[in-house]
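Everything below concerns the one structure shown next.
The values are calculated or read from the model by the stated rules, or taken from the named source; none is laboratory data. The shown structure was predicted, so the numbers you read here are calculated from the model rather than taken from an experiment. Every residue, glycine among them, receives a Cβ derived from its backbone with ideal geometry; neighbour counts consider all protein chains shown.
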Amino acid sequence: MNAVLAEDSRIREKSAKSRRWWAARALLPTGPASDVLIEVADGRFAAITAGAAANGAARLPGVALPGLANAHSHAFHRALRGRTHAGGGTFWTWREAMYAVAGRVDPDRYLALARATYAEMALAGVTTVGEFHYLHHPPGGARYDDPNAMAAALRQAAADAGVRLTLLDACYLAGGLGPGGHLPLDPVQQRFSDGTVDAWADRVSTLHDSDRVRIGHAIHSVRAVPRDDLAPVVEPARPLHVHVSEQPAENEACQAVYGCSPTELLTDAGALGPMTTAVHATHVSAFDVALLGSSRSTVCFCPSTERDLADGTGPARELVDAGAGLSLGSDQNATVDLLGEARALEEDERLRTLHRGRFAPAELLLALTAHDSLGWPDTGALVVGARADLVCVRDDTVRTAGVDPAQLVLAASAADVDTVWVDGVAVVEGGRHRLGDVGRLLADAISPLWES
Ligand SMILES: [Zn+2]
């Protein structure tokens, strides 16, 4: 038995024995509660009782929250952290570094990097990750023996790190969109592409769901998928994610070629709806906001990435008021701190509008725990019957001491996460991941990618 499996079985044993826990504070759907007894059976919450005595139940530290959903990640971008700012760093500095790393990742390196990155996410309280996956093939347009070898690496990485995975397999066919139409793929982008939407669909049709993995579809963007190829990517029963209007240049090119915005183009293709997530939605018009809201699409904001790439700040409050769902993502993983993303969302709104209180703490918690758009409607709340995902955030650290539990999401960070369960199994305890030294795992995974 290898070390991970041995560790896993020890955790499962422990989980099987200790099925009753007691939290001094917990954030329930009804609001903050005290003295909460939590019972778990078969990986789900069997009872949650506020105002109960501990009665010998194991005590949980800090404040208990539902598991967090990281709705938008590109795991391999983790290797770019602290590598894209030389001379100040432009968008092109970033893209050059991204392409350099993308060219050096093979399935083994992808497994090591994604495993360490997902472990870092678990340490931040993430129990489900939505991986927007477009690094499909070897460099140069060849194919691996298993055309889904890179997807298999991601699945294994999530299993090793103990997190649930929604694998959003992205269709990526063109090298960009200019005023004259779609551009050919450049050599680095060839590994992102299946060549045609039919070939993409054939490859994706061999991927399967499991108890811990959901397969979703993704349109990389209207820059990378021409209009006629948008509709075939839509499958109403599966999550569909798409980068939308992250930068003004995408809108300008779309307007020049199609005479409409990316959101309008997606609407015409039947791509918006309750299973769809528009990632970023930064530069959207009032009409786009109405379309996203009335279709009950979700918008995923990724404030740390939008700041890092100088994208701008989207109209989050207007989108939610129009009817859109709201989720959060770490995107390029320049930081992995979902609590920080929630705080950034509210703070960016304050800067954008010169008003405080754009999102109440309870709304930020809902965005942090939004699992529906990842295909896990029975996850993300401390309620009986839900999958037993739970995060304990310490309320006695230098960042959180003295904080009202109801406002914890505006004060705490990833560093305050103590305990994380996925399906009732402890993945993080005492701030330590079951895989051990995650910093070392990250360093070992990243350094080969920067050796020439
Ligand atoms: Zn992205």
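Of all residues being at pLDDT 95 or above and in a loop (DSSP other than H, G, I, E, B) in the stretch 235-262, which is nearest to ASP209 (Cα to Cα)? Just the residue, please.
Ranking the candidates gives ARG238 first.
Suppose we filter LEU168, LEU173, LEU177 for residues that are in a strand (DSSP E or B) and away from the ligand (no atom under 16 Å from the Cβ); which single one remains?
Details: LEU168 fails: away from the ligand (no atom under 16 Å from the Cβ); LEU173 fails: in a strand (DSSP E or B).
The conditions single out LEU177.
Taking the stretch 244-275 as the search range and keeping residues that are within 15 Å of the ligand (Cβ to nearest atom) and either without any contact (Cβ under 8 Å) to a residue 24 or more places away in the chain or touching a Pro at 6+ places or on another chain (Cβ under 9 Å) (or both), which one is farthest from THR305 (Cα to Cα)?
Keep residues of the stretch 244-275 that are within 15 Å of the ligand (Cβ to nearest atom), which gives 244-247, 250, 262.
Going one step further and asking which of them are either without any contact (Cβ under 8 Å) to a residue 24 or more places away in the chain or touching a Pro at 6+ places or on another chain (Cβ under 9 Å) (or both), we end up with 244-245, 250.
Working: VAL244: 14, SER245: 14, GLU250: 17 Å.
Filtering first and then ranking leaves GLU250.
Going through the stretch 215-247 one residue at a time, which ones are small (Gly, Ala, Ser) and surrounded by fewer than 18 Cβ atoms within 10 Å (Cβ to Cβ)?
First pass over the stretch 215-247, keeping only residues small (Gly, Ala, Ser): 216, 218, 221, 224, 231, 237, 245.
Once the filter is applied, which keeps residues that are small (Gly, Ala, Ser) and surrounded by fewer than 18 Cβ atoms within 10 Å (Cβ to Cβ), the stretch 215-247 yields ALA231, ALA237.
Just one of (1) surrounded by fewer than 24 Cβ atoms within 10 Å (Cβ to Cβ); (2) within 16 Å of the ligand (Cβ to nearest atom); (3) hydrophobic (A, V, I, L, M, F, W, C) trips up ALA71, so point out which.
(1)
Condition check: within 16 Å of ALA324 (Cα to Cα) and within 16 Å of the ligand (Cβ to nearest atom). Does PHE287 satisfy that? If you could, list the steps in order and put the result at the bottom.
Details: within 16 Å of ALA324 (Cα to Cα): yes; within 16 Å of the ligand (Cβ to nearest atom): no.
No; evaluated as a whole, the condition is false for this residue.
Identify the single condition in (1) at pLDDT below 95; (2) within 16 Å of the ligand (Cβ to nearest atom) that GLY89 does not satisfy, given that it satisfies every other one.
Among (1) at pLDDT below 95; (2) within 16 Å of the ligand (Cβ to nearest atom), the lone unmet condition for GLY89 is (2).
Can you tell me how many residues in the stretch 243-294 are in contact with a Phe, Trp or Tyr (Cβ under 9 Å, 6 or more places away or on another chain), within 30 Å of ASP202 (Cβ to Cβ) and of a type in the set (A, V, I, L, M)?
2
Out of everything in the stretch 34-67 that is assigned to a loop (DSSP other than H, G, I, E, B) and under 27 Å from the mean Cα position of the chain (by Cα), what residue ends up being surrounded by the fewest Cβ atoms within 10 Å (Cβ to Cβ)?
It comes out as ASP42.
Looking at (1) away from the ligand (no atom under 16 Å from the Cβ); (2) in contact with a Phe, Trp or Tyr (Cβ under 9 Å, 6 or more places away or on another chain), can you tell me which one ARG343 breaks?
Of (1) away from the ligand (no atom under 16 Å from the Cβ); (2) in contact with a Phe, Trp or Tyr (Cβ under 9 Å, 6 or more places away or on another chain), only one is false for ARG343: (2).
Give the stretch 316-341 a look and list any residue that's within 24 Å of HIS74 (Cβ to Cβ) and assigned to a loop (DSSP other than H, G, I, E, B), or say none. Working first, answer last.
To start, the set of residues in the stretch 316-341 that are within 24 Å of HIS74 (Cβ to Cβ) comprises 316, 319, 324-341.
The answer is ALA324, GLY329, SER330, GLN332, ASN333, ALA334, THR335, VAL336, ASP337.
Taking the conditions exactly as written (more than 16 Å from the ligand (Cβ to nearest atom), touching a helix residue (DSSP H, G or I) at 6+ places or on another chain (Cβ under 7 Å), in a loop (DSSP other than H, G, I, E, B) and not charged (D, E, K, R)), does GLY293 satisfy them or not?
Taking the combined requirement at face value, the residue does not satisfy it.
I'm told TYR118 meets every condition in (1) farther than 20 Å from VAL393 by Cβ; (2) among the aromatic types (Phe, Trp, Tyr); (3) part of a helix (DSSP H, G or I) except one. Can you identify the failing condition by its number?
TYR118 satisfies all of (1) farther than 20 Å from VAL393 by Cβ; (2) among the aromatic types (Phe, Trp, Tyr); (3) part of a helix (DSSP H, G or I) except (1).
Does LEU366 satisfy being touching a residue at least 12 places away in the same chain (Cβ under 8 Å) and within 20 Å of THR127 (Cβ to Cβ)?
Working: touching a residue at least 12 places away in the same chain (Cβ under 8 Å): yes; within 20 Å of THR127 (Cβ to Cβ): yes.
When the stated conditions are applied, LEU366 passes them.
Select from the stretch 296-313 the residues that are outside any helix (DSSP H, G or I) and closer than 19 Å to THR369 by Cα and write down the one among them that is farthest from the ligand (Cβ to nearest atom).
Within the stretch 296-313, the first condition is being outside any helix (DSSP H, G or I), and the residues that meet it are 296-302, 309-313.
Now restrict to residues that are closer than 19 Å to THR369 by Cα: 296-302.
Numbers: ARG296: 22, SER297: 16, THR298: 15, VAL299: 13, CYS300: 9, PHE301: 12, CYS302: 7 Å.
Within the stretch 296-313, the match that is farthest from the ligand (Cβ to nearest atom) is ARG296.
Give the residue, chosen from LEU338, LEU365, LEU382, LEU319, that is closer than 24 Å to GLY82 by Cβ, buried (at least 18 other Cβ atoms within 10 Å of the Cβ) and of a type outside the set (S, T, N, Q). Walk me through it before giving the result.
Working: LEU365 fails: closer than 24 Å to GLY82 by Cβ; LEU382 fails: closer than 24 Å to GLY82 by Cβ; LEU319 fails: closer than 24 Å to GLY82 by Cβ.
From the options LEU338, LEU365, LEU382, LEU319, the qualifying one is LEU338.
Have a look at GLY125, GLY176, GLY141, GLY181 and point out the one that is surrounded by fewer than 20 Cβ atoms within 10 Å (Cβ to Cβ) and in contact with a strand residue (DSSP E or B) (Cβ under 6 Å, 6 or more places away or on another chain).
Values: GLY125 fails: surrounded by fewer than 20 Cβ atoms within 10 Å (Cβ to Cβ); GLY141 fails: in contact with a strand residue (DSSP E or B) (Cβ under 6 Å, 6 or more places away or on another chain); GLY181 fails: in contact with a strand residue (DSSP E or B) (Cβ under 6 Å, 6 or more places away or on another chain).
Result: GLY176 is the single residue among GLY125, GLY176, GLY141, GLY181 that is surrounded by fewer than 20 Cβ atoms within 10 Å (Cβ to Cβ) and in contact with a strand residue (DSSP E or B) (Cβ under 6 Å, 6 or more places away or on another chain).
Go through (1) more than 16 Å from the ligand (Cβ to nearest atom); (2) part of a loop (DSSP other than H, G, I, E, B); (3) within 25 Å of the chain's Cα centre (by Cα) for ARG223 and report which single condition fails.
Result: ARG223 passes all but (1).
Would you call ASP160 within 30 Å of SER413 (Cβ to Cβ), of a type in the set (Asp, Glu) and away from the ligand (no atom under 16 Å from the Cβ)? Talk me through it step by step, then tell me what you get.
On the way: within 30 Å of SER413 (Cβ to Cβ): yes; of a type in the set (Asp, Glu): yes; away from the ligand (no atom under 16 Å from the Cβ): yes.
When the stated conditions are applied, ASP160 passes them.
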